[in-house]
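Enquirer: Just dropping this structure here.
The values are calculated or read from the model by the stated rules, or taken from the named source; none is laboratory data. Not measured: the values here are computed from a predicted model. Neighbour counts run over all protein chains shown; Cβ positions are idealised from the backbone, glycine included.
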Amino acid sequence: MKRLCKLAIVILFMLLLSSCGQKSDREPNAEGEADQTKSIEAETGKAKNIEMDESAEESPADENNTQTQEDEGAMKRDITFDFKTKTVTLNSGYRMPIYGIGTYSLTDSECIDSVTAALENGVRLIDTAYMYHNEESVGEAVRNSGIPREEIFVITKLYPNQFSDPESAIEDALKKLDIGYIDMMLLHHPGAGDVDAYLAMEKAVADGKIRSIGLSNWYVEELEEFLPQITVTPALIQNEIHPYYQENDVIPYIHDLGIVVQGWYPLGGRGHTAELLGNEVISKIADAHGKSSAQVILRWNLQKGVVAIPGSSNPDHIKENTELFDFELTEDEMEQINALDRDEKHDWY
Ligand SMILES: NC(=O)c1ccc[n+]([C@@H]2O[C@H](COP(=O)([O-])OP(=O)(O)OC[C@H]3O[C@@H](n4cnc5c(N)ncnc54)[C@H](OP(=O)(O)O)[C@@H]3O)[C@@H](O)[C@H]2O)c1
């Protein structure tokens, strides 16, 4: 009888163990993967399981995303910046670094050297464009870096004069960059044929040529008109943002759509940096933290949820622009910089 009791206890224990094992095997894989696929289907409108960044699968943003999709039938990701990994998860499911290097006005060897210096200093986000005439140089620096392709995130843009034949323009960018796929392609400006050009980028995403797509120089009015005409919500919008042109009305509007915001001319743009870097309020805050004015401005961007892509060909500046994570601006300091807004655009678009 005693032996029978013992046997019954052992069987019960084994049954319990096996049921726990099955549960823990299934939860993260089957459900997680199914939700990822479902989210992408919702976004692209196509039954295609696009390869996702592994780390993105683990992101808590996915839980929010799934929940929102189930609740509202639309996908909206948590686009809060992760200051530990220095990345943000885009609504496409891919992770993008929250700071990088811009390459406007850098060409040939100057561009290759700048991107190489940035990559050597840990930068993994590079912004280029057809109009910068340096996609080949960016591609060369990426290929020569020895860094695994998947660790680098390259953004390029189609210019309005390419919108009439976007398929060829996309092929042209792929060929010039020569890095396999494009992480992100943006339309550089609104212009004739922009909806068709965007739809062509959507197709290139479905074909695996581009991973994420977005817009540049689209503000509230332009977005209200444009978004109902497309299928895939932009993952990113890149607009002019600096302490003298803050777009405090536009940023929350874009964020509310689950779209990440990236700022161009973060330091005011060439010809304007002295005004911003020499600003008394910014300099004082920089002194208090033992940082440079440039670092304070870039950190202000990050704390506002704006991805920063300062341009530089100076290796010391390139390094300096990566050292943004060993200090934090107080609420009061953020407010002081917010108060500098002059609605002063430094370029026409
Ligand atoms: N989508 C669009 O329409 C659009 C428009 C404009 C720009 N963009 C993108 O945004 C990126 C950033 O804009 P940008 O490069 O024109 O302007 P920016 O980043 O505001 O300023 C670049 C200037 O800042 C200087 N600089 C950089 N880091 C510095 C530091 N730590 N201390 C002092 N000076 C520093 C650079 O000089 P040094 O070379 O001497 O460091 C350069 O003269 C562009 O490169 C491009 O990728 C997009």
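Enquirer: Confirm whether Ile285 is touching a strand residue (DSSP E or B) at 6+ places or on another chain (Cβ under 8 Å) and at pLDDT 95 or above. Steps first, answer last, please.
Expert: Working: touching a strand residue (DSSP E or B) at 6+ places or on another chain (Cβ under 8 Å): no; at pLDDT 95 or above: yes.
When the stated conditions are applied, Ile285 does not pass them.
Enquirer: With respect to the numbered conditions (1) within 13 Å of the ligand (Cβ to nearest atom); (2) surrounded by 16 or more Cβ atoms within 10 Å (Cβ to Cβ); (3) more than 15 Å from Met334 (Cα to Cα), which one is the sole condition not fulfilled by Leu298?
Expert: The one condition Leu298 does not meet is (3).
Enquirer: Being among the charged types (D, E, K, R) and not in a helix (DSSP H, G or I) is the filter here; which residues of segment 158-182 pass it? Let's see the steps before the verdict.
Expert: Our first condition is that a residue be among the charged types (D, E, K, R); within segment 158-182, this holds for 165, 167, 171-172, 175-176, 178.
Within segment 158-182, Asp165, Asp178 meet the criteria.
Enquirer: Considering only segment 290-300, state which residues are more than 16 Å from Ser312 (Cα to Cα) and in contact with a Leu (Cβ under 8 Å, 6 or more places away or on another chain).
Expert: Residues of segment 290-300 that are more than 16 Å from Ser312 (Cα to Cα), as a first pass: 290-291, 296, 299-300.
Passing the criteria: Val296, Arg299, Trp300.
Enquirer: Sort out which residues of segment 103-131 are more than 11 Å from the ligand (Cβ to nearest atom), more than 23 Å from Leu324 (Cα to Cα) and assigned to a helix (DSSP H, G or I), and write them in order of number.
Expert: Asp108, Ser109, Ile112, Tyr130
Enquirer: Which members of segment 334-344 meet the condition of being surrounded by 13 or more Cβ atoms within 10 Å (Cβ to Cβ) and in a loop (DSSP other than H, G, I, E, B)? Before you say what the answer is, go through the steps one by one.
Expert: Taking segment 334-344 as the starting set, the residues that turn out to be surrounded by 13 or more Cβ atoms within 10 Å (Cβ to Cβ) are 334, 336-338, 340-341, 344.
Leu340, Asp341, Glu344 - these are the residues of segment 334-344 that are surrounded by 13 or more Cβ atoms within 10 Å (Cβ to Cβ) and in a loop (DSSP other than H, G, I, E, B).
Enquirer: Hey, can you tell me all the residues within segment 256-271 that are within 11 Å of the ligand (Cβ to nearest atom) and within 16 Å of Trp300 (Cβ to Cβ)? Write out each step before concluding.
Expert: The initial filter retains those residues of segment 256-271 that are within 11 Å of the ligand (Cβ to nearest atom), namely 262-271.
Of everything in segment 256-271, those that are within 11 Å of the ligand (Cβ to nearest atom) and within 16 Å of Trp300 (Cβ to Cβ) turn out to be Gln262, Gly263, Trp264, Tyr265, Pro266, Leu267, Gly268.
Enquirer: Still on this structure, I have one more. Given Gly278, Gly214, which one is farther than 25 Å from Pro97 by Cα and not acidic (Asp, Glu)?
Expert: Gly278
Enquirer: Now, a different point. Within segment 165-174, is there a residue that is surrounded by 15 or more Cβ atoms within 10 Å (Cβ to Cβ), over 27 Å from Leu199 (Cβ atoms) and without any contact (Cβ under 8 Å) to a residue 40 or more places away in the chain?
Expert: No, that holds for no residue.
Enquirer: Here are Asp343, Asp347: which of them is closer than 23 Å to Tyr219 by Cβ, in contact with a strand residue (DSSP E or B) (Cβ under 9 Å, 6 or more places away or on another chain) and within 15 Å of the ligand (Cβ to nearest atom)? Can you show your working first?
Expert: Values: Asp343 fails: within 15 Å of the ligand (Cβ to nearest atom).
On inspection, the qualifying residue turns out to be Asp347.
Enquirer: In segment 272-287, which residues are in contact (Cβ under 8 Å) with a residue 40 or more places away in the chain and either within 8 Å of the ligand (Cβ to nearest atom) or surrounded by fewer than 15 Cβ atoms within 10 Å (Cβ to Cβ) (or both)? Break it down into steps so the answer makes sense when it comes.
Expert: Narrowing segment 272-287 to residues in contact (Cβ under 8 Å) with a residue 40 or more places away in the chain: 272, 279, 281-282, 285.
Within segment 272-287, just His272 meets the criteria.
Enquirer: Only one residue in Gly191, Gly208 is surrounded by fewer than 20 Cβ atoms within 10 Å (Cβ to Cβ), touching a helix residue (DSSP H, G or I) at 6+ places or on another chain (Cβ under 7 Å) and in a loop (DSSP other than H, G, I, E, B). Which one?
Expert: Gly191
Enquirer: Quick check on my filter: what residues within segment 185-207 are more than 16 Å from the ligand (Cβ to nearest atom), more than 18 Å from the chain's Cα centre (by Cα) and not acidic (Asp, Glu)? Working first, answer last.
Expert: Of the residues in segment 185-207, the ones more than 16 Å from the ligand (Cβ to nearest atom) are 192-193, 195-196, 199-200, 202-207.
Of the ones still in play, those that are also more than 18 Å from the chain's Cα centre (by Cα) are 192-193, 195-196, 199-200, 203-204, 206-207.
If the condition is that a residue be more than 16 Å from the ligand (Cβ to nearest atom), more than 18 Å from the chain's Cα centre (by Cα) and not acidic (Asp, Glu), then Ala192, Gly193, Val195, Leu199, Ala200, Lys203, Ala204, Ala206 are the ones that fit.
Enquirer: Checking the condition more than 11 Å from the ligand (Cβ to nearest atom) and without any contact (Cβ under 8 Å) to a residue 12 or more places away in the chain, which residue from Pro252, Pro234 passes? Quick ask: steps written out before the conclusion?
Expert: Working: Pro234 fails: without any contact (Cβ under 8 Å) to a residue 12 or more places away in the chain.
After ruling out the rest, the residue left standing is Pro252.
Enquirer: Run down Asn134, Asn144 and say which single residue is away from the ligand (no atom under 14 Å from the Cβ) and polar (S, T, N, Q).
Expert: Asn144
Enquirer: Restricting to segment 301-338, and then to whatever is among the small types (Gly, Ala, Ser) and closer than 19 Å to Lys86 by Cα, can you tell me which residue is farthest from the ligand (Cβ to nearest atom)?
Expert: Within segment 301-338, the first condition is being among the small types (Gly, Ala, Ser), and the residues that meet it are 305, 308, 311-313.
Imposing the further condition that a residue be closer than 19 Å to Lys86 by Cα reduces the set to 305, 308, 311.
On the way: Gly305: 17, Ala308: 8, Gly311: 2 Å.
Of everything passing the filter in segment 301-338, Gly305 is farthest from the ligand (Cβ to nearest atom).
Enquirer: On to the next question. I need the full set of residues from segment 248-272 which are in a loop (DSSP other than H, G, I, E, B) and under 25 Å from Leu106 (Cβ atoms), in order please. Steps first, please.
Expert: From segment 248-272, those in a loop (DSSP other than H, G, I, E, B) are 248-249, 257-259, 265-272; that's our starting set.
Tyr265, Pro266, Leu267, Gly268, Gly269, Arg270, Gly271, His272, listed by residue number.
Enquirer: Is it the case that Ile213 is within 15 Å of the ligand (Cβ to nearest atom) and in contact with a Leu (Cβ under 6 Å, 6 or more places away or on another chain)?
Expert: Details: within 15 Å of the ligand (Cβ to nearest atom): yes; in contact with a Leu (Cβ under 6 Å, 6 or more places away or on another chain): no.
No; evaluated as a whole, the condition is false for this residue.
Enquirer: Follow-up. Scan segment 150-157 and give yes if some residue there is assigned to a loop (DSSP other than H, G, I, E, B) and in contact with a Phe, Trp or Tyr (Cβ under 8 Å, 6 or more places away or on another chain), otherwise no. Spell out the reasoning first.
Expert: Initially, segment 150-157 is screened for residues assigned to a loop (DSSP other than H, G, I, E, B), giving 152.
Narrowing the set further to residues that are in contact with a Phe, Trp or Tyr (Cβ under 8 Å, 6 or more places away or on another chain) leaves none.
Within segment 150-157, none of the residues are assigned to a loop (DSSP other than H, G, I, E, B) and in contact with a Phe, Trp or Tyr (Cβ under 8 Å, 6 or more places away or on another chain).
Enquirer: Now, a different point. Can you name every residue in segment 171-200 that is β-branched (Val, Ile, Thr) and under 25 Å from Val88 (Cα atoms)? Before the answer, list the steps.
Expert: The first filter runs over segment 171-200 and keeps only residues β-branched (Val, Ile, Thr), leaving 179, 182, 195.
Ile179, Ile182, listed by residue number.
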